[in-house]
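Data first, discussion second: the structure below is written as structure tokens.
The values are calculated or read from the model by the stated rules, or taken from the named source; none is laboratory data. From a predicted model like this one, the values you see are computed outputs, not experimental measurements. Cβ sites come from the backbone with ideal geometry, for glycine too, and all protein chains shown count toward neighbours.
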Amino acid sequence: MSRKTNPAKGVALAFFAALAFSFAACTTSDIAESETEKIDRHALVTRHSVKLNSPDTMSSLSVGNGEFAFTADISGLQSFPEYYENGVALGTQSQWGWHVIPTAQDYKLEEVYRYDTSCTGNVIPHPVQHREGRKGEATEWLRTNPHRLHLGIVGLELLKENGETASVHDLQQVSQELNMWTGEIESKYTVEGVPVTVELYGHQDEDQIAARISSPLIEQERLKVFLKFPYGSGCHVCPGYDWGKPEAHTTTLSRAAENRVQLERKLDSTTYYTHVQWNNGGSISEKGRHHFELIPSSDRGTFEFSVNFNRKPATGNIPDFKATQENSESQWENFWTEGGAVDFSGSSDPRASELERRVVLSQYLTKINCAGSLPPQETGLTFNSWYGKFHMEMHWWHGVHFALWDRLDLLENTLPWYFTSLEKAKETAKLQGFEGARWQKMTDPYGDESPSSVAPYLVWQQPHILYFAELIYRQNPSEETLEKYKELVFQTAEFMASFAQYNPEDGYYHLCAPVKPAQELWPANETLDPPFELAYWHFGLTVAQDWLERMGQPKNEQWQEVLDKLAPLPVTDGILFPTASHPDAYTNAEYMRDHPIVTGTYGILPFNSMIDTVVMKATHDKVLERWDWESTWGWDYPMMAMNAARLNMPEKAVDALFMDLQKNTYLPNGHNYQDKRLRIYLPGNGGLLTAVAMMAAGWDGAPNVHAPGFPKDGSWKVRWEGLHKMP
């Protein structure tokens, strides 16, 4: 049972002074390389091409570019969306495609505030979930809106000889392959013995797909392309479409030319356009409301078409199939040859090939889903989770690996949101009585907070932008970098320093109620000094002071005051505890579940004067022994691996990556499966890439050996190129 604790008393104090490795002490301008033969990157990538021989709802495949993604079924397009709904659903999503369901109620966030009394007696408003009455209705609408749109289904209608539409089970002799080197999904199958081949590409600079279909069914007039357009869906985890409100939106054929049309989509205040272009004759017609058919000419056996989704009307032709193919092939080859690479071939450990598969597929999936102009939702651009909104505490897991794999530009792509949302973050801090900017947790493109029983109390997303900025500076140590990100760095540090509360009875600054740590089960109004957050505060304020010095400015006295007097990590009997307010944590099974974030204190973060490695090793062992591992999540296993690697336990690091748990499953398409509700989980993919880069290239203060995070018994042959050290 949890109990309320006076934050001024009962704090388990432990302060281990040690030589600290400064976060910026080691730069990565000189990327170390593997000392063995050069990696054949084409062979590395293509040996993990995804190959399917039957319909599998958990193995749908995607093309995309970070701004846009299109997920296809076994037909090569989106012919059977209902069949895949409860698996990896067939999404068509973009970073710009958002929708608000109109209401006359004029709901305001302040309607759902709960006023919490802080550990210092201040009253702080937080937007929380309510279940009943107008507050419950306001909660539901504010959480649901805006939501990410499914832009439209593009599929094939395949007719059998008797005129019936073929079902997914009528596709026989199936052979589907995702070639990640080129970004192509090639699908081959037969319908009543008649062969069909679909070649699909996603354009890398446009929100567009292009396909080439080859089949005698075209000449037999038994193959059509259909486009169907849904209303926006306010469901929590789902494909993102609603077919039950056809009257609530319009789809208008607004412009037509030879072999080209424009469809105008209007959903309340949202307007966008779908541009369709094809070759070799053919025609398009309106089959029904929001339903169009593109019918190939029957005088030849191939048909090529492109579908472009855009916020703006068409100004001319869109890229055709050949142009899209060339664009995809060129840019995917650049992606694979210019970033980092890790090759485990030649290893005797039987897990090596599977780890390499997960690593290659995770790079592909995170490029498609996590590298756009907004922080990604946990399911990326594949289907909606939490209404399509993104969780800022997950941005670390989505983004850090890009920097470590020498793809810093893909991390920076996702950072403009912080600039556009800064004013709202500052307003939140001011409203709650703090300085600087308090970053949102569950949010949207506009920086609005969502009511939640958890989100408003979380704080571990606050230092993330400092971590990102420091990664950028390590690779680009310039005045330009400092000037670009200084306001984000300093406003974040201002909040962090003001959020830590001084207790004159013990002389320390504490992170105290109301606060919810990354292990979210702890009650916000009873939690004191969660260790990961304390260490992250130390890290973040240190980075901010370093930035001042780099800019020729004196250190901030208040930030330094907090740094010098930050409460020590809660340690009892040589074990790091999840919070200072619950000394019974390891004896109560109720508390041994969810994220074991205590290991992130040294797994995620670099060594500093707050950390004792003996304590961290004992804590790692205690967590392995006591934790309810079925309750953990996909990024917990890479976090454990990173902690083990830093503690010079490489065998345990590898074991952590392969913990035999449902939420550590990596599907044939590479996605990290969690459960029936959350079928894919990109923080797991990103965490895996972060851990592997760190285990291969090392970290600040790592042993000066090749691949320090992997065993040295000869079972692992690790070749790597182009990786950066982790802090």
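Can you spot a residue in the stretch 427-436 that is aromatic (Phe, Trp, Tyr), modelled with pLDDT of 95 or more and at positive phi? Spell out how you get there, then give the answer.
Going through the stretch 427-436, the residues aromatic (Phe, Trp, Tyr) turn out to be 434.
Those still in the list that are modelled with pLDDT of 95 or more too: 434.
After this cut, where a residue has to be at positive phi as well, the list is none.
Looking for residues that are aromatic (Phe, Trp, Tyr), modelled with pLDDT of 95 or more and at positive phi, one finds none in the stretch 427-436, hence no.
Could you tell me whether the stretch 124-140 includes any residue that is closer than 30 Å to residue 288 by Cβ and either assigned to a strand (DSSP E or B) or at pLDDT below 95 (or both)?
Filtering the stretch 124-140 for residues closer than 30 Å to residue 288 by Cβ gives none.
Looking through the stretch 124-140, none of the residues is closer than 30 Å to residue 288 by Cβ and either assigned to a strand (DSSP E or B) or at pLDDT below 95 (or both).
Given the condition closer than 20 Å to residue 355 by Cα, among the small types (Gly, Ala, Ser) and out of contact with any Leu (no Cβ under 6 Å at 6 or more places or on another chain), answer yes or no: does some residue in the stretch 648-665 qualify?
Within the stretch 648-665, one or more residues are closer than 20 Å to residue 355 by Cα, among the small types (Gly, Ala, Ser) and out of contact with any Leu (no Cβ under 6 Å at 6 or more places or on another chain).
Conditions first: (1) surrounded by fewer than 21 Cβ atoms within 10 Å (Cβ to Cβ); (2) small (Gly, Ala, Ser); (3) at pLDDT 95 or above. Residue 340 passes all but one, so which condition is the exception?
With (1) surrounded by fewer than 21 Cβ atoms within 10 Å (Cβ to Cβ); (2) small (Gly, Ala, Ser); (3) at pLDDT 95 or above applied to residue 340, the lone miss is (1).
Residue by residue through the stretch 493-525, note down the ones that are surrounded by fewer than 19 Cβ atoms within 10 Å (Cβ to Cβ) and within 21 Å of residue 543 (Cβ to Cβ).
498
When residue 143 is evaluated against the numbered criteria (1) buried (at least 17 other Cβ atoms within 10 Å of the Cβ); (2) of a type outside the set (A, V, I, L, M, F, W, C); (3) part of a strand (DSSP E or B), which criterion, by number, is the only one it fails?
If we test residue 143 against (1) buried (at least 17 other Cβ atoms within 10 Å of the Cβ); (2) of a type outside the set (A, V, I, L, M, F, W, C); (3) part of a strand (DSSP E or B), just (3) comes out false.
If you take the residues of the stretch 665-712 that are among the charged types (D, E, K, R) and buried (at least 18 other Cβ atoms within 10 Å of the Cβ), which of them is nearest to the chain's Cα centre (by Cα)?
Here is the first cut: in the stretch 665-712, the residues among the charged types (D, E, K, R) are 675-677, 679, 700, 712.
Narrowing the set further to residues that are buried (at least 18 other Cβ atoms within 10 Å of the Cβ) leaves 679, 700.
Values: 679: 14, 700: 25 Å.
Among residues in the stretch 665-712 that are among the charged types (D, E, K, R) and buried (at least 18 other Cβ atoms within 10 Å of the Cβ), the one nearest to the chain's Cα centre (by Cα) is 679.
So which pairs qualify, if the first residue must be in the stretch 603-619 and of a type in the set (Phe, Trp, Tyr), the second must be in a loop (DSSP other than H, G, I, E, B), the Cβ gap must be under 9 Å, and the two must be at least 6 apart or on different chains?
Correct list of pairs: 607/18; 607/19; 607/20; 607/21; 607/700; 607/701.
Of the residues that sit in the stretch 134-159 and are small (Gly, Ala, Ser) and out of contact with any His (no Cβ under 8 Å at 6 or more places or on another chain), which one is farthest from residue 449 (Cα to Cα)?
Within the stretch 134-159, the subset small (Gly, Ala, Ser) is 136, 138, 152, 155.
Filter once more, so that each one left must be out of contact with any His (no Cβ under 8 Å at 6 or more places or on another chain): 152, 155.
On the way: 152: 28, 155: 36 Å.
It comes out as 155.
Counting just the residues of the stretch 40-86 that are out of contact with any strand residue (DSSP E or B) (no Cβ under 9 Å at 6 or more places or on another chain) and outside any helix (DSSP H, G or I), which one comes out nearest to residue 307 (Cα to Cα)?
66
Can you tell me which of 465, 472 is in a helix (DSSP H, G or I) and farther than 23 Å from residue 597 by Cβ?
On the way: 465 fails: farther than 23 Å from residue 597 by Cβ.
None of the other options fit; the residue is 472.
For the stretch 594-607, what are the residues that are aliphatic (A, V, I, L, M) and assigned to a helix (DSSP H, G or I)? Please lay out each step first, then the result.
First, the residues of the stretch 594-607 that are aliphatic (A, V, I, L, M): 597-598, 604-605.
Within the stretch 594-607, 597, 598 meet the criteria.
Assess whether residue 553 counts as being among the polar types (S, T, N, Q), under 24 Å from the mean Cα position of the chain (by Cα) and assigned to a loop (DSSP other than H, G, I, E, B). Even if it seems obvious, please write down each step before you answer.
Details: among the polar types (S, T, N, Q): yes; under 24 Å from the mean Cα position of the chain (by Cα): no; assigned to a loop (DSSP other than H, G, I, E, B): yes.
When the stated conditions are applied, residue 553 does not pass them.
Looking at 138, 104, which one is over 29 Å from residue 370 (Cβ atoms), hydrophobic (A, V, I, L, M, F, W, C), surrounded by fewer than 17 Cβ atoms within 10 Å (Cβ to Cβ) and over 27 Å from the mean Cα position of the chain (by Cα)? Before you say what the answer is, go through the steps one by one.
Working: 138 fails: surrounded by fewer than 17 Cβ atoms within 10 Å (Cβ to Cβ).
Selected residue: 104, the only one of 138, 104 that is over 29 Å from residue 370 (Cβ atoms), hydrophobic (A, V, I, L, M, F, W, C), surrounded by fewer than 17 Cβ atoms within 10 Å (Cβ to Cβ) and over 27 Å from the mean Cα position of the chain (by Cα).
Can you pull out every residue in the stretch 608-640 that is part of a loop (DSSP other than H, G, I, E, B) and over 26 Å from the mean Cα position of the chain (by Cα)? If you could, list the steps in order and put the result at the bottom.
Taking the stretch 608-640 as the starting set, the residues that turn out to be part of a loop (DSSP other than H, G, I, E, B) are 608-612, 627-628, 632-635.
Matches in the stretch 608-640: 608, 609, 610, 611, 612.
Consider residue 343 against the criteria (1) within 20 Å of residue 64 (Cα to Cα); (2) in contact with a Leu (Cβ under 7 Å, 6 or more places away or on another chain): it satisfies all of them except one. Which criterion is unmet?
(1)
Yes or no, residue by residue, for (1) modelled with pLDDT of 95 or more; (2) in contact with a helix residue (DSSP H, G or I) (Cβ under 8 Å, 6 or more places away or on another chain); (3) buried (at least 24 other Cβ atoms within 10 Å of the Cβ); (4) over 22 Å from residue 460 (Cα atoms):
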residue	(1), (2), (3), (4)
315	no, no, no, yes
321	yes, no, no, yes
334	yes, no, no, yes
354	yes, no, no, yes
377	yes, yes, yes, no
412	yes, yes, no, no
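Looking at (1) touching a strand residue (DSSP E or B) at 6+ places or on another chain (Cβ under 7 Å); (2) crowded, with 17+ Cβ neighbours inside 10 Å; (3) not basic (Lys, Arg), can you tell me which one residue 96 breaks?
Condition (1) is where residue 96 drops out.
Show the residue pairs meeting these rules: Cβ distance below 9 Å; 6+ apart or different chains; first residue within the stretch 486-506 and touching a residue at least 40 places away in the same chain (Cβ under 8 Å); second residue of a type in the set (Gly, Ala, Ser) and surrounded by fewer than 17 Cβ atoms within 10 Å (Cβ to Cβ).
498/433; 503/8; 505/8; 506/8
Only one residue in 116, 106 is without any contact (Cβ under 8 Å) to a residue 24 or more places away in the chain and under 24 Å from residue 432 (Cα atoms), so which one is that? Step through it out loud before you land on a result.
Values: 116 fails: without any contact (Cβ under 8 Å) to a residue 24 or more places away in the chain.
Matching residue, one of 116, 106: 106.
Tell me whether the stretch 166-183 contains one or more residues that are surrounded by fewer than 17 Cβ atoms within 10 Å (Cβ to Cβ), in a loop (DSSP other than H, G, I, E, B) and on the phi > 0 side of the Ramachandran plot.
So far as the stretch 166-183 goes, no, none of its residues is surrounded by fewer than 17 Cβ atoms within 10 Å (Cβ to Cβ), in a loop (DSSP other than H, G, I, E, B) and on the phi > 0 side of the Ramachandran plot.
Looking at (1) part of a loop (DSSP other than H, G, I, E, B); (2) without any contact (Cβ under 8 Å) to a residue 12 or more places away in the chain, can you tell me which one residue 379 breaks?
(2)
Within the stretch 65-87, is there a residue that is surrounded by fewer than 22 Cβ atoms within 10 Å (Cβ to Cβ), among the acidic types (Asp, Glu), under 25 Å from residue 390 (Cα atoms) and free of Cβ contacts under 8 Å to residues at least 12 places away in the same chain?
no
Given (1) farther than 28 Å from residue 616 by Cβ; (2) assigned to a loop (DSSP other than H, G, I, E, B), where does residue 578 come up short, assuming only one miss?
It fails just one condition, (1).
Looking only at strands (runs of 3 or more DSSP E) that fall completely inside the stretch 197-295, which ones have 1 or more residues that are of a type in the set (Val, Ile, Thr) and in contact (Cβ under 8 Å) with a residue 60 or more places away in the chain? Working first, answer last.
Numbers: elements: 208-214, 223-228, 250-257, 260-267, 270-278, 283-288, 291-295.
Qualifying strands (runs of 3 or more DSSP E): 208-214, 223-228, 270-278, 291-295.
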